[in-house]
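Encoded as structure tokens, the structure appears first; notes follow it.
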Amino acid sequence: MNMSSSGKLRITEIFYSLQGEALTAGCPTVFIRLTGCPLRCGYCDTSYAFKGGEWVDIDSILERTAGYQARYVTVTGGEPLAQKDCPDLLRRLCDAGYRVSLETSGALDISAVDPRVTRVMDLKTPASEEMERNRYENIQALGPHDQVKFVICDREDYEWAKAIITQYGLSDICEVLFSPGQPQQDATELANWILQDHLPVRMQIQLHKYLWGNEPGR
């Protein structure tokens with residue numbers, strides 16, 4: 001059976017860097033950034049991926065990815081699942097032997113994503129101005145190797161995230177990540193809140209921004 005695909009995806013960039021977030025932070029990783037997103041979060045740092053890009057077939061994406069000789073691949077955006085051929089790309093990457101993660105807003109259905117993929121799913125906080133787009137049904141599809149991320153921009157976001165963790169029992173389902181929104185939330189203050197409340201989450205700071213700032217392709 002021929003497993004190749006003629007599907008195409010609109011790509012903003014494919015680049016090699018250190019993973020800056022989540023449980024593989026610090027690992028050399030190939031990033032495949034898809035173009036387009038239906039959300040407009042107030043703290044978005046990749047608005048350059050909303051438009052433009054180039055249409056690339058999946059075979060060519062795999063060829064370019066292989067050239068970096070990396071173990072880890074992250075498919076990100078934009079919102080990758082807004083493109084219909086994204087699940088096929090994820091499956092093909094898994095079949096090629098990569099450890100694959102998907103960074104998704106949580107606004108679109110994740111149930112069709114290959115179970116070998118680690119899904120790093122946002123739940124949008126009040127300060128994002130897109131909280132109403134959260135698709136809470138996605139939580140039922142999460143497993144122990146997946147991750148839920150909250151970007152915390154102020155105390156209201158923090159208290160809201162705490163309530164959601166309790167309501168859905170998130171820390172018993174998967175890893176929960178808290179990131180300070182930049183520049184809105186002081187990282188040390190957020191760390192102190194987490195410690196004071198004995199919150200079962202992992203605090204993370206975006207490593208790539210510490211190393212390279214907001215430079216695209218990093």
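What follows is calculated from the coordinates using simple rules that are stated; it is not laboratory data. Everything numeric in this text was worked out from a predicted model, so none of it was measured. Every residue, glycine as well, gets a Cβ built from its backbone with ideal geometry; the counts of neighbours run over all protein chains shown.
Using Cβ point charges alone (K and R +1, D and E -1), the dipole size of the chain about the Cα centre works out to roughly 520 debye. Annotation: the residues Leu142, Leu195, sorted from fewest to most other C-beta atoms within 10 Å of their own C-beta, follow the order Leu195, Leu142.
Using a simple spin-label model with pseudo-atoms 7 Å out from Cα toward Cβ, Leu18 and Ser171 lie 2.9 nm apart.
Think of region 157-218 as a dipole: +1 on every Lys or Arg Cβ, -1 on every Asp or Glu Cβ, centred on the Cα centre; then among Leu199, Gln185, Leu211, Leu211 lies furthest on the positive end. If the segment from Lys84 to Leu195 were pulled out straight at 0.36 nm per residue, it would be longer than the present Cα-Cα gap by 35.8 nm. In terms of surrounding Cβ atoms within a 10 Å radius of their Cβ, Ser111, Ser171, Ser101, Ser128 rank from fewest to most as Ser111, Ser171, Ser128, Ser101. Among all the aspartates and glutamates, which ones have a C-alpha under 13 Å from Lys149's C-alpha, if same-chain residues fewer than 8 places away are not counted? Leaving aside aspartates and glutamates fewer than 8 places away in the same chain, those within reach of Lys149 are Glu21, Glu103, Asp122, Asp157, Glu175. For the chain, the longest principal axis of the C-alpha atoms and the axis of helix 86-95 are separated by about 80°.
Extension gain, Glu137-Asp59: 0.36 nm per intervening residue step, less the Cα-Cα distance, totals 24.8 nm.
In region 8-211, Cα pairs under 8 Å separated by at least six residues give a relative contact order of 18 percent.
Placing unit charges on the Cβ atoms only, positive for Lys and Arg and negative for Asp and Glu, gives region 16-85 a dipole magnitude near 160 debye about its Cα centre. Contact order, relative form, for region 1-118: 27 percent (alpha carbon pairs under 8 Å, 6 or more residues apart, mean separation divided by residue count). Rounded to the nearest 10 degrees, what's the angle between the helix 187-196 long axis and the longest principal axis of the chain, both from Cα atoms, 0 to 90? The two axes meet at around 60 degrees. At the listed q of 0.12 Å⁻¹, the Debye profile of the chain, built from one uniform point per Cα, gives log10 I(q)/I(0) equal to -0.61.
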